[in-house]
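Everything below concerns the one structure shown next.
Readers should treat all values here as calculations from the given coordinates under stated rules, not as data from a laboratory. Keep in mind it's a predicted model, so treat the numbers as computed, not measured. Cβ placement follows ideal geometry from the backbone for every residue including glycine, while neighbour counts extend to all protein chains displayed.
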Amino acid sequence: MSQPVPALELQQISVVFGEGARRVVALDDISVAVQPGELLAVMGPSGSGKSTLLNVAGLLQKPTSGEVLLAGENVSRLSPAAAARARRRHVGVVFQHYNLIPTLTVAENVALPLELDGSSTAGVEQALAEVGLEGMGGRFPDEISGGQAQRAAIARALIGPRSVILADEPTGALDTTTGDEVLRILRERIDAGAAGLLVTHEPRFAAWSDRTIMVRDGRLS
Ligand SMILES: Nc1ncnc2c1ncn2[C@@H]1O[C@H](COP(=O)(O)OP(=O)(O)OP(=O)(O)O)[C@@H](O)[C@H]1O
Ligand SMILES: [Mg+2]
């Protein structure tokens, strides 16, 4: 039987920031593959390289060396515009700091990846309802709480047909109940066939994942 094609594959990824005395090896030869329907938890101390790993997987950071494959296609050497297109079509990202655009309403933030792609934005209200933000689409990011901003960022990452979902501490600003609810929504998407990478400091969320990897000083341990 042939091996299934991973939704996301990182091959021998290294990322080096700065030069000379400021040189930091953020990732050192990391290889990992995530299958459709699989949620991989990424744990490790602060500064170990978790966010850098997610940024590389989300085509937001070019690795110093190594390859990124989406559904078997090498996307490491795309132009910035082509990488942005591939990211919008295939990858949903929940950032550690939500990165909502302050001049857009909550609904406009969630609709953004669809609009940039010329797709219908009909699903926005439902996406907001799924994360408990019904009726809040017209507010601006500075008119909602941190937890609500986090949920808006999650709605934006899950909208549309995403095959890879990357979440960097998506429950960091949430209370336990809302955090569990967000994990349930994420897990449903994974069960429906997406592949996920979840950075978390909370061991209890590892239980929602199929596998856990530990990153330490930029290496898998
Ligand atoms: N743009 C950058 N320029 C220079 N160094 C950076 C940059 N981004 C990250 N680093 C460094 O790379 C290392 C890994 O950072 P990263 O943000 O990936 O850690 P992390 O595991 O996500 O930490 P945390 O749990 O605190 O979010 C750290 O030493 C950090 O200081
Ligand atoms: Mg981080």
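Give, in nm to one decimal, the length gained when the segment between E115 and T212 is fully stretched (0.36 nm per residue of separation minus the Cα-Cα distance).
Going from the current span to full extension adds 31.5 nm.
When every alpha-carbon pair in the range 80-139 is counted, what percent end up more than 19 Å apart?
Within the range 80-139, distances greater than 19 Å cover 33 percent of Cα pairs.
Just need the relative contact order of the range 43-98 here, percent rounded to a whole number, with Cα pairs under 8 Å and 6+ apart.
Normalised by residue count, the contact order of the range 43-98 is 27 percent.
What does the charge dipole of the chain about its Cα centre add up to, to the nearest 20 debye, if the Cβ of each Lys and Arg holds +1 and the Cβ of each Asp and Glu holds -1?
Computed about the Cα centre, the dipole is about 540 debye.
Would you please classify the overall shape of the range 62-221 from the alpha carbon gyration tensor, given that a ≥ b ≥ c denote the square roots of the eigenvalues, rounded means a/c under 1.5, and beyond that prolate means a/b larger than b/c while oblate covers the rest?
Oblate.
For a quick protection proxy, order the peptides 207-217, 187-197 by their average other-Cβ count within 10 Å, most packed first. If you can, show how the numbers build up before the last one.
Values: 207-217: 15.8, 187-197: 18.4.
With the highest mean Cβ count within 10 Å placed first, the list reads 187-197, 207-217.
May I ask for the distance between the Cα centers of the range 160-221 and the range 64-126, given as a whole number of Å?
18 Å
Kindly rank 81-87, 14-20 from highest to lowest mean number of other beta carbons found within 10 Å of each residue. Before the final figure, lay out each step's value.
Working: 81-87: 15.0, 14-20: 12.6.
Descending mean neighbour count gives 81-87, 14-20.
Quick one: check the C-alpha center-to-center distance for the range 33-60 versus the range 6-24, whole angstrom.
12 Å
Once a ≥ b ≥ c are taken as the square roots of the eigenvalues of the Cα gyration tensor of the range 1-134, is the result rounded (a/c under 1.5), prolate (a/b larger than b/c) or oblate (a/b not larger than b/c)? Please list the in-between numbers first.
On the way: a/c = 1.83, a/b = 1.44, b/c = 1.27.
Verdict is prolate for the range 1-134.
Tell me, what does the Kirkwood hydrodynamic radius of the range 142-188 come to in angstroms if you use every pair of distinct C-alpha atoms?
11.1 Å
Considering Cα pairs under 8 angstrom that are at least six residues apart, work out the relative contact order of the chain and quote it in whole percent. Please list the in-between numbers first.
Details: 440 pairs, mean separation 67.5, N = 221.
Computed value for the chain: 31 percent relative contact order.
What ranking, highest mean first, results for peptides 170-180, 115-125 when packing means the other Cβ atoms within 10 Å averaged over each residue?
Highest-to-lowest ranking by the protection proxy: 170-180, 115-125.
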